[in-house]
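The values are calculated or read from the model by the stated rules, or taken from the named source; none is laboratory data. Values in this document were obtained by computation on a predicted structure and should not be read as measured data. Don't worry about glycine lacking a Cβ; one is built from the backbone with ideal geometry, like all the others, and counts go over all protein chains shown. Ligands, DNA and RNA are stripped out before the accessible areas are found, and what is left, the full protein with its side chains, is counted by its heavy atoms. Shrake-Rupley method; radii C 1.70, N 1.55, O 1.52, S 1.80 Å.
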Amino acid sequence: MHGSRRTRKRFWRWRSNPLRRHDDIVEAWIVLAVWAVIAIGGAVAGLVTAHAADEVFAAQRAERRSVRAVLLTDVPPDVSTLRGASGRSMATVRWTAPDGSTRTGETLVKAGLTAGSGLTVWQDSQGELTTEPISPSDAAVEAGFLGAAAALALAGIACGTGALARWQLDQRRINRWGQEWDQVGPRWSHKTG
């Protein structure tokens, strides 16, 4: 005995059918639009986000420069960690800005250094202390993650919007069904003698 074959009809929502309602056509277009937004919009959003992030990282690498600095205060070796930076602590350092002026400021340094120790810090084009720029390989990975996150966010919004629209269509169908039942139901409930 053979199992029943289930045939799938492609594009069944658009085929002519006497039982097809206008809401079925609207639902078909909603589903198509959601998938188009996920496929095309997700790809575009991911690529644009990844490219923009990569440009930002490249601009940071171009703007930031390393400079030698001198530690002005001792850093005890047993300092508790700050901001999750293990073995590092805030300390005052002195460095020379791009305009030639001498500046002082605080930055994270390794624990256990003594005053007068030389170290490398990063500064922006205005001579302010900043963090080390991300490497090109790490920037590519992070840009990829940001692009994927943007694509997934757009897909989630599209799916949520499509589900909401389909839910409203279902509610409209249920209301119409109730109205039709109110009209037809009394005719069926008559009992013959």
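A few notes on this one:
- Here the condition is being open to solvent by 60 Å² or more (accessible area, probe 1.4 Å) and in a loop (DSSP other than H, G, I, E, B); of 137, 125, it holds for 125 alone.
- In the set 166, 172, only one residue is more than 28 Å from the chain's Cα centre (by Cα), surrounded by fewer than 17 Cβ atoms within 10 Å (Cβ to Cβ) and closer than 30 Å to residue 34 by Cβ; that residue is 172.
- Only one of the numbered conditions (1) surrounded by 15 or more Cβ atoms within 10 Å (Cβ to Cβ); (2) more than 26 Å from the chain's Cα centre (by Cα) is not met by residue 183, and that is (1).
- Condition broken by residue 67, with the remaining ones in (1) modelled with pLDDT under 90; (2) within 30 Å of residue 109 (Cβ to Cβ); (3) over 33 Å from the mean Cα position of the chain (by Cα) satisfied: (1)
- Residue pairs whose Cβ atoms lie under 6 Å apart, sitting 6 or more positions apart in sequence or on different chains, and linking a residue in the stretch 37-61 that is acidic (Asp, Glu) to a partner that is assigned to a helix (DSSP H, G or I) and open to solvent by less than 70 Å² (accessible area, probe 1.4 Å), are 54/143.
- Residues that are polar (S, T, N, Q) and closer than 11 Å to residue 66 by Cα, drawn from the stretch 102-124: 120, 123
- Filtered residues of the stretch 1-54 (kept if open to solvent by less than 70 Å² (accessible area, probe 1.4 Å), modelled with pLDDT under 85 and over 28 Å from residue 168 (Cβ atoms)): 3
- Residue within the stretch 148-170 that is modelled with pLDDT of 95 or more and hydroxyl-bearing (Ser, Thr, Tyr) present: yes
For every residue, the table says whether it meets (1) hydroxyl-bearing (Ser, Thr, Tyr); (2) more than 30 Å from residue 23 (Cα to Cα).
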site: 131; (1), (2): yes, yes
site: 149; (1), (2): no, yes
site: 152; (1), (2): no, no
site: 162; (1), (2): no, no
site: 165; (1), (2): no, no
